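Down below is the structure, laid out as structure tokens.
The values are calculated or read from the model by the stated rules, or taken from the named source; none is laboratory data. Model, not experiment: these values are computed from the prediction. Reconstructed Cβ throughout: ideal geometry from the backbone, glycine too, with neighbour counts over all protein chains shown. Accessible surface is based on the protein model in full, side chains and every heavy atom, while ligands, DNA and RNA are left aside. Shrake-Rupley method; radii C 1.70, N 1.55, O 1.52, S 1.80 Å.
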Amino acid sequence: MRELGIGLIGTGFMGRAHALAFRNVSAVFELPLKLNLAALADADPQRARHCADAWGFATAHSDWQQLIDDPKVNLIAITTPNHLHYPMAMAALAAGKAVYCEKPLAVSLEQASAMREAARSAGVVTRVGYNYQHNPMIVLARELIKNGELGEIISFQGEFSEDFMADPTSPWSWRCDPNHAGGALADLGSHLLSMARYLIGEVEAVCADTQTVHSQRPESPGSTVLKPIAIDDQVHALLRFANGARGTFSSSWLKHGYKNHLSFEISGTRGTLAFDQERLNELRLFRAGQDGFQRLLAGPNLPGYAAFSPAPGHQLGYNELKTLEVHDLIMALAGDSRGGTDFEQAWAVERLATAIRLAAREQRWVRIEEV
Ligand code: NAD
């Protein structure tokens, strides 16, 4: 069996999630490739060594370029802050290696466009970490929509809110720097834009409003020195889809009480479908004529669920979605692509986010083809 050498960059929240997925995927699925956890890199050499040992990677690097140059590495997984996606992915593509990059693709549309071009020229498999789409319940939602269960789709109401920045004394981090990230829209909203495209299709035009609510934050935990903040804490937008559906979109990292509220209600001429990532094993479906919403619960009738458990209602979690995403990636690397989010799709998400920022800045409707 052909071997696939994995090189993982970053050991934070997502570094661990990727490591778990790469370790678990061969226990869950029969894979056409044999995975070799070849190398791990982190800017902190001690952390790189520690995580390589603990997570089962053969080699540790503090210089990510060395990981990319390592001949044993065929696939580069990038889990670093957003501004590093561009240099790391471009170097990986220049070396002809496949790339699995965390979302959002980049910090500007210019960077995203260059990455898309480089991926096209390299002709390698790329994937971006829009993991929520790999939820079997979301795959089911898409099928229900495609099969016409809701009739003609007329409305998408989507929200992705969390509260991890709700405390105004939460310190500055790379997520607050416009050159390193891009606010709630980039951090959370990009997931929802990707989801809206996956479920409903292309967006044609947007109007929007963005707001920085807390314009300064402590420069480090507990510090009395305050740093100015210029990125969006919350964003609200109206969406017009190419298929005629209308939508609302909002995202905030200040919304008290919400921990992972990626949610939507999709209505058609014959029904409504509702989802909330905080209850990721459920969909609520209303068909015209019913007395109330029907609760659909994840079970082994869905292939993505059956891979983990033969028992209904035992529930998948966030890390299982990452394993499903890695499975999609490995199948694509083995020549059996099932249409996951590659650099083309992720570029379209960046274009949409850029249109939302432009619409908010100029306080007008923006057609996506303008950007
Ligand atoms: P984090 O701060 O927890 O981790 C970042 C890691 O990158 C750290 O280990 C840090 O040491 C490392 N790093 C920084 N500079 C480096 C360099 N020059 N070379 C090597 N390593 C370096 O951040 P996070 O929360 O894991 O976020 C990382 C990425 O994952 C971001 O792009 C974020 O948007 C994305 N993310 C995605 C999801 C999702 O659901 N898909 C969730 C959270 C974060």
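Of all residues in region 54-83, those satisfying the criterion of being in a loop (DSSP other than H, G, I, E, B) and not hydroxyl-bearing (S, T, Y) are G56, F57, A58, D63, D70, P71, K72, V73, N74, P81.
When residues in region 294-318 are screened for being open to solvent by 40 Å² or more (accessible area, probe 1.4 Å) and touching a Gly at 6+ places or on another chain (Cβ under 7 Å), 2 of them pass. Between Y100, Y86, the distinction of being in contact (Cβ under 8 Å) with a residue 24 or more places away in the chain, of a type in the set (F, W, Y), part of a helix (DSSP H, G or I) and touching a helix residue (DSSP H, G or I) at 6+ places or on another chain (Cβ under 7 Å) belongs to Y86 only.
Pick from region 156-198 the residues that are within 17 Å of the chain's Cα centre (by Cα) and among the polar types (S, T, N, Q): which of them is farthest from Y130 (Cα to Cα)? Taking the candidates together, the pick is S161. In summary, strands (runs of 3 or more DSSP E) completely within region 177-285 and bearing 2 or more residues that are open to solvent by less than 20 Å² (accessible area, probe 1.4 Å) and among the hydroxyl-bearing types (S, T, Y) occur at 246-252.
Could you check region 105-129 and list, in sequence order, the residues that are closer than 22 Å to I6 by Cβ and either polar (S, T, N, Q) or in contact (Cβ under 8 Å) with a residue 12 or more places away in the chain (or both)? Passing the criteria: L105, M115, A118, A119, A122, V124, V125, T126, R127, V128, G129.
Against the numbered list (1) assigned to a helix (DSSP H, G or I); (2) farther than 22 Å from A186 by Cβ, L93 comes up short only at (2).
Looking across region 52-84, just one residue is near the ligand (Cβ under 9 Å from one of its atoms), out of contact with any His (no Cβ under 9 Å at 6 or more places or on another chain) and either among the β-branched types (V, I, T) or under 18 Å from V326 (Cβ atoms) (or both), and that is T80. Annotation: of all residues in region 173-230 being aliphatic (A, V, I, L, M) and within 13 Å of the ligand (Cβ to nearest atom), the one that is farthest from R361 (Cα to Cα) is M195.
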